[in-house]
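One structure below.
Just so it is clear, none of the values below were taken in a lab; they were calculated from the coordinates. As the structure is a computational prediction, the values presented were derived from the model and not from experiment. In this analysis, Cβ positions are derived from the backbone assuming ideal geometry, glycine residues included, and neighbour counts consider all displayed protein chains.
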Amino acid sequence: MAAEIVLLFAWTIVIIALAFLACMFEDLESDTGSQSNPNSQVQLAPQVGYVHRFFNKAISGEPLSWCMYATTSGTIAWVLLKQGVTPLLAIPIGVLTGEALHVIFSTTAHVGRVSGQKRFQQPVYLDVLYGSLLPIAAFGFIGSLCITSIAYIQSNLGTLSGIPQLNHPFPFPLLCFIWGITVGAIGSSTGDIHYGTEREFQDRPFGEGKRVVYHGKITRYADCGIRRQHDIVSFCAKFGGPCTGLTFGSIILFENWRTLVGMMLGGYLPAAIGLSDTAALIGIGIGIAIVVLLLVVNMRLVRWARKTYGPFVGA
Amino acid sequence: MEPTILLIVLVCVILGGVLASLGVHLLPVGGAPAAMGTATGIATGAIMLMFGSALTGLFTAATVAMFSNSIVLVALSGAVGAMLMVSIIFLFANVTYIFGAGCVPVSGRVAVDPITKELQTPYKTPQTDGHGLPSVCLISGIIGGFIGGFGGALIYFALINYAKLEYAMAGVLAMGIILANAIIAAYNIRGTIEGFHDPKFRTTPKALLVCFVASLLCGIAIVLALTTGVITGGAV
């Protein structure tokens, strides 16, 4: 196998590893700040008499907010790269700028939302505010750094592998935009379930969907003392976070792998010159096979759960 | 630019926009209630799920467009990319529901799964609108991802190969058109939808008509911009 192809696959593995970390830390950041879907319950709690010590940050939906951090990071890094700054410096500086925005929005979102609930006797706990900002920024930094690095590698994948024409046609900031939206959509779809269905209502029976009458009545007490966001992160980091990371990691793995294998088997690599419909066809064929396999696994999982857990037996 | 080419660009933009809207209606979307296991579907907005999956498809379509001139193959690459994205999300969402929260995936809108014929109501938690992603939602969602991804990649291909726009410009325009149509579809859905078996799916033709008009306007704007030289061809 040509050295260029080996390098191409090696860089793809780096991207996959970064993708796993990006989405895992995205989910942990959303758990730390209580962003996205489960936030609706944190927002509702004081209105049903459940005054709490949660961080209440819903800047926007996760896809849009993560798109903002990633695109800001990517754009600043891109400008610095154009000035000749090394990527090792340009990317972290870009990400730091994005995180500055993140922390500003987190502060205004939390203080604005909680002070708006004064009529429900919900205080603004300053220790909750100060104590949560650093983990939010830290998780956000790692997530954004990974997304920006993925975009940087993809936009220079060809150059790094010795086949310059394989650089992705989309510019670096646009790739940050795409992966920011995608990472947010995944974090919102997968990781939020563990926080929203399980951790947020842990004093309710396990194994059932959370009934409408429970809404707002969140679990406010921890193993010791009053529950705060840090207790949620440590719990979700054991299941919801890694699951979310695996989701994005698998998407990047299968998407890139099928395209690269198609290009290799179709004879497009390592020269990467001219056209090859065979390469496209093989990539499509592999993709369809993976989708069918995933569908079968998922349907069997549903059947297994129905058989093992059985019908609903509660009141 | 030749009128035939402009007409092809217009048709592709309209078709892509309408397909994106149809795709949104087929995705099982539960929004915020789904994150609490109070509604069936994926726990995010319809717009964001479609946008995220179509962008993943667009990423692959852009790569494939580098070595293929076939509109069908590039559009199919985008469609399979979007389909892969939603399939993986569905799998891990169900893993989280089943192993993280102990919930059985069940539909809240139908008593019997129209595909597997499995009973749904006995497994549903009272006072919820279902939870998780039952088999029918998986199939409907995968079809939705395919259609939406196909539409997005079709617009992108038309813009780079016929309108001869730069890659980034074509990508941004395709994303904008997908987003506009997804928002119209989300207005029609009004909250949550489970897929083709959901009674709300019957209102799809209305949304498709509106999306046709919206995409037509987008297409006319692109054609005008091309003919007046506001946006010009790039390095393709």
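Ranked by Cβ crowding within 10 angstrom, fewest neighbours first, how are A:Trp179, A:Trp66 ordered?
Taking fewest neighbouring Cβ atoms as first place, the list is A:Trp179, A:Trp66.
Could you tell me what percent of the DSSP beta bridges with both partners in the protein assembly as shown are antiparallel, to the nearest 5?
60
What's the percent breakdown of Cα-Cα distances in the protein assembly as shown across 10 Å bins, shortest bin first?
Percent of pairs per bin, in order: 4, 19, 28, 27, 16, 5, 1, 0.
In terms of the Cα gyration tensor, with a ≥ b ≥ c the square roots of its eigenvalues, is chain B rounded because a/c is under 1.5, prolate because a/b exceeds b/c, or oblate?
Since a/c reaches 1.5 and a/b is larger than b/c, the shape of chain B is classed as prolate.
Can you tell me the Rg and Dmax of region A:3-241, counting just the alpha carbons, in angstroms?
Cα radius of gyration and Dmax of region A:3-241 are 19.6, 67 Å respectively.
When only C-alpha pairs under 8 Å and at least 6 residues apart count, what is the relative contact order of chain B, in percent?
Reported as a whole number, the value is 34 percent.
Between A:Leu7, A:Ile104, A:Phe201, whose Cα lies farthest towards the positive end of the dipole of chain A when Lys and Arg beta carbons carry +1 and Asp and Glu beta carbons carry -1, centred on the Cα centre?
My answer, from the dipole projection, is A:Phe201.
Checking the a/c ratio against 1.5 first, then a/b against b/c, what shape does the Cα gyration tensor give for region A:76-149?
Judged from the Cα gyration tensor, region A:76-149 comes out prolate (a/c at least 1.5, a/b above b/c).
If you add up the charges near A:Lys307, with Lys and Arg at +1 and Asp and Glu at -1, over every other residue whose beta carbon is less than 12 angstrom from its beta carbon, what do you get?
+2
What does the charge dipole of chain B about its Cα centre add up to, to the nearest 20 debye, if the Cβ of each Lys and Arg holds +1 and the Cβ of each Asp and Glu holds -1?
300
Placing +1 on the Cβ of each Lys and Arg and -1 on the Cβ of each Asp and Glu in chain B, which of B:Gly17, B:Phe157, B:Val230 has its Cα farthest towards the positive end of the resulting dipole?
Farthest towards the positive pole: B:Gly17.
Between B:Leu224 and B:Arg202, what is the label-point separation in nm under the 7 Å Cα-to-beta-carbon projection?
Placing both labels 7 Å beyond Cα along the Cβ direction yields 3.9 nm.
Which one of A:Thr71, A:Gly187, A:Val95 has its Cα pushed farthest toward the positive end of the charge dipole of chain A, where Lys and Arg give +1 and Asp and Glu give -1 at the Cβ?
It is A:Gly187, whose Cα lies furthest towards the positive end.
How big is region A:141-280 on each of its three principal axes, counting only the C-alpha atoms and giving the largest first in Å?
Here the spans come out as 64, 29, 22 Å, largest first.
So what is the 222 nm mean residue ellipticity for chain B from helices alone, if each DSSP H run of at least 4 adds -39500 (n - 2.57) and you divide by all residues, rounding to the nearest 500 deg cm²/dmol?
Here the helix-only value at 222 nm equals -21000 deg cm²/dmol.
Determine the calculated [θ] at 222 nm for chain A from helices alone, applying -39500 (n - 2.57) to every DSSP H run no shorter than 4 residues and normalising by the residue count; nearest 500 deg cm²/dmol.
-22500 deg cm²/dmol
Among B:Asp113, A:Asp127, what is the fewest-to-most ranking by other Cβ atoms within 10 Å?
Ranking B:Asp113, A:Asp127 by Cβ neighbours within 10 Å, fewest first, gives A:Asp127, B:Asp113.
Pairs B:Lys124/B:Lys206; A:Lys217/B:Lys124; A:Lys210/B:Lys200; B:Lys117/B:Lys200; A:Lys217/B:Lys117; A:Lys118/A:Lys217: which are spaced more than 27 Å apart, C-alpha to C-alpha?
The answer is B:Lys124/B:Lys206; A:Lys217/B:Lys117.
Rounded, prolate or oblate: which one fits region A:225-315, using the alpha carbon gyration tensor with axes a ≥ b ≥ c (rounded when a/c is under 1.5, else prolate when a/b beats b/c, else oblate)?
The shape class here is oblate.
Contact order normalised by length for chain A, with contacts defined as Cα pairs under 8 Å and 6 or more residues apart; what percent is it?
So the answer I get is 28 percent.
Kindly put B:Ile42, A:Ile286 in sequence by how many other C-beta atoms sit within 10 Å of each C-beta, fewest to most.
If I rank by nearby Cβ atoms, fewest first, I get A:Ile286, B:Ile42.
Give, as a single signed number, the net charge of other residues whose beta carbon lies under 11 Å from the beta carbon of A:Gln43, with Lys and Arg counted +1 and Asp and Glu -1.
+2
Only four residue types carry charge here, +1 at the Cβ of Lys and Arg and -1 at the Cβ of Asp and Glu. Report the dipole size of the protein assembly as shown about the Cα centre in Debye, rounded to the nearest 20.
1240
Can you tell me which aspartates and glutamates have their Cα less than 14 Å from the Cα of A:Lys307? Leave out same-chain residues fewer than eight positions away.
A:Lys307 reaches B:Glu118.
Whole-Hz Karplus ³J(HN,Hα) for region B:118-132, in order, using 6.51 cos²θ - 1.76 cosθ + 1.60 and θ = phi - 60°, x for Gly and Pro?
7, 5, 10, 4, x, 8, 7, 6, x, 6, 10, 9, x, 7, x
With +1 on the Cβ of every Lys and Arg and -1 on the Cβ of every Asp and Glu, and nothing else charged, how large is the dipole of region A:3-241 about its Cα centre, in debye rounded to the nearest 20?
It works out to roughly 740 debye.
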